[in-house]
1. For the stretch 641-654, check the following and say yes or no: at least one residue is within 20 Å of Ser613 (Cα to Cα), touching a Phe, Trp or Tyr at 6+ places or on another chain (Cβ under 8 Å) and either at pLDDT 80 or above or not in a loop (DSSP other than H, G, I, E, B) (or both).
2. Yes or no: the stretch 378-397 includes at least one residue that is more than 13 Å from Val439 (Cβ to Cβ), modelled with pLDDT of 85 or more and in contact with a Lys or Arg (Cβ under 9 Å, 6 or more places away or on another chain).
3. From the list Thr291, Thr309, pick out the single residue that is polar (S, T, N, Q) and either in the same structural domain as Ile174 (by TED's automatic domain parsing) or surrounded by fewer than 17 Cβ atoms within 10 Å (Cβ to Cβ) (or both).
4. Could you tell me whether any residue of the stretch 422-429 is of a type in the set (Val, Ile, Thr), loosely packed, with under 14 Cβ neighbours inside 10 Å and at pLDDT 80 or above?
5. Which residues, counting only those in the stretch 618-655, are crowded, with 18+ Cβ neighbours inside 10 Å, within 22 Å of Val529 (Cα to Cα) and among the basic types (Lys, Arg)?
6. Just need a number here: residues in the stretch 656-676 that are at positive phi and either among the acidic types (Asp, Glu) or surrounded by 17 or more Cβ atoms within 10 Å (Cβ to Cβ) (or both).
7. Residue check: is Phe122 at pLDDT 85 or above and not in a loop (DSSP other than H, G, I, E, B)?
8. In the stretch 181-195, which residue that is touching a Ser or Thr at 6+ places or on another chain (Cβ under 6 Å) and within 22 Å of Leu208 (Cα to Cα) is surrounded by the most Cβ atoms within 10 Å (Cβ to Cβ)?
Amino acid sequence: MTQIETPKVVKKKLFSPIWLLPLVAIALGSWLGIKSIREAGIEVRIHFPSATGIDVGKTLVRYQGLTVGKVVDISIDDDLQGVNVDLKMDYRADPFLNEQTKFWLVTPKASITGVEGLDALFSGNYIAIQPGGGQSHSFFEAETNAPAIMPGSDGLVIELTAETLGSLDVGSQIFYRQIPVGKIISYHLKGSRQILLSAFINKQYAHLVKTDSQFWNVSGLHINASLSGIEIKSESLSSILAGGLSFSSSDESQIAENGHSYRVYDSQALTQGGIEFSLTASQSDAASTGTPIVFRGINIGRITDTHLTDTGVQFTAKIDKDYAQLLSGTSHFWLEGADISLSGIKHAGRLLTGSVINFSPGSGEPKQQYTLLNIAPDQDTQSKLLLSLIADNNPGVGVGAEVRYKQLAIGKVNSVSLNQALTGVEYQIEIWPEFTDLVNTDSYFIPESALSIQASLEGISVKTRDLSTLTKGAISLIQGPSKTVARNHAQLALFLSTNAADDYFDKLTQFTLSLTSPDGAGLSPGSPVYYQKMQIGQVNKVNWSSANENFDISISIRDQFKPLVKTNSVFWRNSAITVNAALSGIEIDVAPIQGALKGSITLGLLDDDDIGSQTYLYESKSLALAQAKPISLTFPADVKLAAKAPIRYLGHKVGAVERVTLNKDLVSVSVDAYLYGDYAQHFTQEDAEYFLVDAQISLAGIQAPETLLSGPYIGVKPGVSSLKRTQFIGEVTPVVQAKRDWLQFTLEDSNLGSIKAGTPIIFRGIKIGAIHAYQLADTGNSVQMFAHVDGKYRHLVNQTSKFWDLSGVKVDVGLFSGAKIETGSLETILAGGIGVVTQQQTRTSNRLGSGASFTLHQKLESKWLTWAPVQVSQK
């Protein structure tokens, strides 16, 4: 029987995923369409005079080397005045297509000033674009030439005015010290008499253009011919061919801004800085642009421009800045040419070079306009300034000698005579009227030398003057800072040299100090005083003081360095050359040349907390910085001390020997020495002891072996007295400096034998002490030996101790007992020694007291060998 299956009911879906495909296709197509329309480009039309060099589909549009479009069509414009070039621009160029945007055709072009469009020579002509502002635009008029300032250029744009263009053209270079720094970018007429040029200065050189810069034409060749010869100048080859400008600037002026205007001069001579003014005359027969202005034979200015006026001729003149102070309200100008007379021709050179404009100074504030006279004005009615000059002696200046200022004659010497006190020379001089304002109340004068030779490390400079200076001499005026003009019969100074004047005025602003020194060698008046190798003063005088047997040295310090002299200041004398040799190397310090020749002093500063000396001159820098205190020692003449030998305490250096001098008695030497700083207070007590330390060679060894290499030195033992002194008698025998824990006592014997300082005291074969000194007893019958036992062994010696001589070899020969030989160790055989043995244990009752004394036995008694008390160390 067949079984029938139950049918399944499936619900139909309302949305199938297959429908997403059309939606995606529609969205993608829309995006591609919009993108295609957006990136299709922007159509732009440019009007060119002609289509020469432009090809459809080939000529590109570039902006700073980047292609931003291309030519798609060329057509003739409706007026037949040119062609319309249609461009398809990149859609990203839309923000730059505005009213002020410029287009021009770039083609290779070579000229005298250089080559332009060199890249177009290889890639073909192209249209360049310079973005501008304004509203969006689609039609443009092409530029005939490329803009003067290309896109991306950065620099300074200035304006220049000139009367003629000459050889200048667009592209002509602008030079600064013959380095090209910019160029002319355009020019046009300004009115009917001037040409206005625009110039571009590259950014890296823009700071060279100042508000007072002077520009002049350097085009072509400049030829200057005179009786002295022919001078030819040119800036560069390009300036000869294409023209050019050059300029100069001062360091003090402000940097110019865009648009600043300048005048272009015909030559550099007309640009010299100074003061500018006008001269008026009825005619210009003998004067023209370039005519020099002369004062006492020196060119101080020139005519820079000439203008015709209703009443005659007006000249623009300029006096150089070095002489600008000579121009005043009452100055005079007059024409002067060659003077031909029966006696000869004066100023014959002017027959070729032309007349000059002569000048005379005056007084008062300068004016803007003066009258050019035909003859020299009468100045006899003007008063002269009469002065008296005082000098220590006559430097060769005679009557009639010129008085000069900046090598210009401003007066003369009327008389030379001794003063009333017959201690100096007095001069009567006159200053001519036009120069009276140059002399102030604090002015002074110095003589000029006909021949001046200055030698230095840089070389030798030789200067000569004229014949008048050689025969009569001359004096120069040095103006002072005062603004008060000197009056008639004022008395001023004539110094022998500039250095003498400087020294005189320096002393007026200096303060003095007095230093004492045991040695004044090498110092003299004028010796410099240095701080950090810079001169801050000098030595005034050096005197010997018999009262304290020292040299008194007077020095002067300039006022500005006065703060350096304070409580921590010290002074020391410099050596011409100082050599410090050590294992680490050799250090050489050379004094300045002046100080090496004349001797010198240095001012130094200690730490702020230290107290220096402002009245003592130390022998060296090391002694000064160590605050050394001088002392004097006397030793026998046979000591082997030398300068620089150290003074030591327990091995530590506390001072040094400065010099050793043999006394007149020929049996002793005087030792000048120093103690360093704070050490002095410990070793200048009245009972301090100084002694010689030298190598002692014996069978027992060598004492002070270091002196074999370094030489003997001085040892010192501090005292306890409260009284001070600086002069001591030195001992040849070393003074033992007792330690606090030593147990000291005295041994006595009839003879010293082989005992000496350093002989050891031996207990059971171990050294526990030593003999440190000895002397003959007051009675003369015995020898006293001063001994000590080290602190850690002091419990081994008391009143029951016995001492015997261990030195050498002892032989006892008996008739029946035979020979008996006693010896110690090899060291005691060679160097000697003292044995000790103690009978009882050390207690309070048998301890050694001050001044304890023992007899030194010649040999050991046999019963002593049985003593063996138990000794307890007392620490």
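1. As a first pass, look at the stretch 641-654 and keep what is within 20 Å of Ser613 (Cα to Cα): 654.
Pick out the ones that are also touching a Phe, Trp or Tyr at 6+ places or on another chain (Cβ under 8 Å) and you get 654.
From what's left, either at pLDDT 80 or above or not in a loop (DSSP other than H, G, I, E, B) (or both): 654.
Checked the stretch 641-654: at least one residue is within 20 Å of Ser613 (Cα to Cα), touching a Phe, Trp or Tyr at 6+ places or on another chain (Cβ under 8 Å) and either at pLDDT 80 or above or not in a loop (DSSP other than H, G, I, E, B) (or both).
2. yes
3. Values: Thr291 fails: either in the same structural domain as Ile174 (by TED's automatic domain parsing) or surrounded by fewer than 17 Cβ atoms within 10 Å (Cβ to Cβ) (or both).
Thr309 is the lone residue from the list that is polar (S, T, N, Q) and either in the same structural domain as Ile174 (by TED's automatic domain parsing) or surrounded by fewer than 17 Cβ atoms within 10 Å (Cβ to Cβ) (or both).
4. Residues of the stretch 422-429 that are of a type in the set (Val, Ile, Thr), as a first pass: 423, 425, 429.
From what's left, loosely packed, with under 14 Cβ neighbours inside 10 Å: 423.
Now drop any that are not at pLDDT 80 or above, which leaves 423.
Yes: the stretch 422-429 contains one or more residues that are of a type in the set (Val, Ile, Thr), loosely packed, with under 14 Cβ neighbours inside 10 Å and at pLDDT 80 or above.
5. Within the stretch 618-655, no residue meets the criteria.
6. Here the count works out to 0.
7. On the way: at pLDDT 85 or above: no; not in a loop (DSSP other than H, G, I, E, B): yes.
No, not satisfied.
8. Step one: filter the stretch 181-195 for residues touching a Ser or Thr at 6+ places or on another chain (Cβ under 6 Å), giving 184-186, 194.
Of the ones still in play, those that are also within 22 Å of Leu208 (Cα to Cα) are 184-186.
Working: Ile184: 24, Ile185: 17, Ser186: 14.
Once the filter is applied, the top-ranked residue is Ile184.
The values are calculated or read from the model by the stated rules, or taken from the named source; none is laboratory data. This one's a predicted model, so the numbers in the text were calculated from it and none came from an experiment. As a convention, Cβ positions derive from the backbone with ideal geometry for all residues, glycine included, and neighbour counts pool all protein chains shown.
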